[in-house]
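Asks: Sharing a structure, written as structure tokens. Questions coming.
The values are calculated or read from the model by the stated rules, or taken from the named source; none is laboratory data. Model, not experiment: these values are computed from the prediction. Don't worry about glycine lacking a Cβ; one is built from the backbone with ideal geometry, like all the others, and counts go over all protein chains shown. We work out accessible area using only protein heavy atoms, side chains counted, and drop any ligands, DNA or RNA first. Shrake-Rupley method; radii C 1.70, N 1.55, O 1.52, S 1.80 Å.
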Amino acid sequence: SYLAGERRVLIEWRGWRLCPMVCYDLRFPVWSRNRGDYDVLVYVANWPARRREHWRALLLARAIENQACVIGVNRVGVDGKGVDYAGDSLVIDPWGRVVLDAGDTAGLHHAVLGADTLADCRAKFPVHLDADGFTIAPD
């Protein structure tokens with residue numbers, strides 16, 4: 001069984017501020033809204049191949065709208081119920097440029113993200129300064 005999260009999790013790692021998410025969170029941009037508290041969104045997923053275009057488009061959108069790097073890690077192959085997974089693990093910079101596209105290849109992949117690219121994006125196009133304030137109220 002699965003339980004909903006109760007709070008936003010942020011992790012500091014090697015000078016980067018990471019915000020881990022699960023695959024379904026990708027469809028709800030309010031949960032990933034950058035409040036100046038992270039540099040990288042990391043989505044770990046079991047995203048079916050039949051919705052691969054959604055996966056790719058939404059990952060790009062999260063990078064652009066949040067001026068953050070995005071890492072989307074998705075499985076490949078067929079599960080025990082016959083559901084096909086295309087992979088499409090991606091690393092995207094804050095400008096929306098794909099730094100790594102693993103396609104349908106399983107394994108360990110390597111990409112380099114530059115803190116200078118992140119700072120440059122936020123300095124040259126500071127849309128984050130115009131973001132509206134909001135809070136998420138409990139149900």
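Asks: So A61 passes all but one of these: (1) over 13 Å from the mean Cα position of the chain (by Cα); (2) without any contact (Cβ under 8 Å) to a residue 60 or more places away in the chain; (3) surrounded by 12 or more Cβ atoms within 10 Å (Cβ to Cβ). Which condition number does it fail?
Replies: Answer for A61: the failing condition is (1).
Asks: Select, from A123, A119, A102, the only residue that is closer than 19 Å to R14 by Cα and either exposed (fewer than 14 other Cβ atoms within 10 Å of the Cβ) or at pLDDT 95 or above (or both).
Replies: A119
Asks: Give segment 64-80 a look and list any residue that's surrounded by fewer than 21 Cβ atoms within 10 Å (Cβ to Cβ), in contact with a strand residue (DSSP E or B) (Cβ under 8 Å, 6 or more places away or on another chain) and part of a loop (DSSP other than H, G, I, E, B), or say none.
Replies: Residues satisfying the conditions are R75, D79.
Asks: Hey, another quick one. Does V83 satisfy the criteria of being among the β-branched types (V, I, T) and surrounded by 17 or more Cβ atoms within 10 Å (Cβ to Cβ)?
Replies: On the way: among the β-branched types (V, I, T): yes; surrounded by 17 or more Cβ atoms within 10 Å (Cβ to Cβ): no.
No.
Asks: It is to be established whether one or more residues within segment 27-35 are among the hydroxyl-bearing types (S, T, Y) and either within 9 Å of the chain's Cα centre (by Cα) or over 25 Å from L118 (Cβ atoms) (or both).
Replies: yes
Asks: If you don't mind, another one. Can you run down the residue pairs with Cβ atoms below 8 Å, 6 or more apart or on separate chains, where the first is in segment 2-15 and on the phi > 0 side of the Ramachandran plot and the partner is aliphatic (A, V, I, L, M)?
Replies: G15/A115
Asks: Sort through D88, D39 and tell me the only one that's open to solvent by less than 80 Å² (accessible area, probe 1.4 Å), under 28 Å from T135 (Cβ atoms) and in contact (Cβ under 8 Å) with a residue 40 or more places away in the chain.
Replies: Checking each option against the conditions leaves just D39.
Asks: Taking the condition open to solvent by less than 70 Å² (accessible area, probe 1.4 Å), not in a strand (DSSP E or B) and not hydrophobic (A, V, I, L, M, F, W, C), does R52 pass?
Replies: Numbers: open to solvent by less than 70 Å² (accessible area, probe 1.4 Å): no; not in a strand (DSSP E or B): yes; not hydrophobic (A, V, I, L, M, F, W, C): yes.
Judged against the criteria, R52 is not a match.
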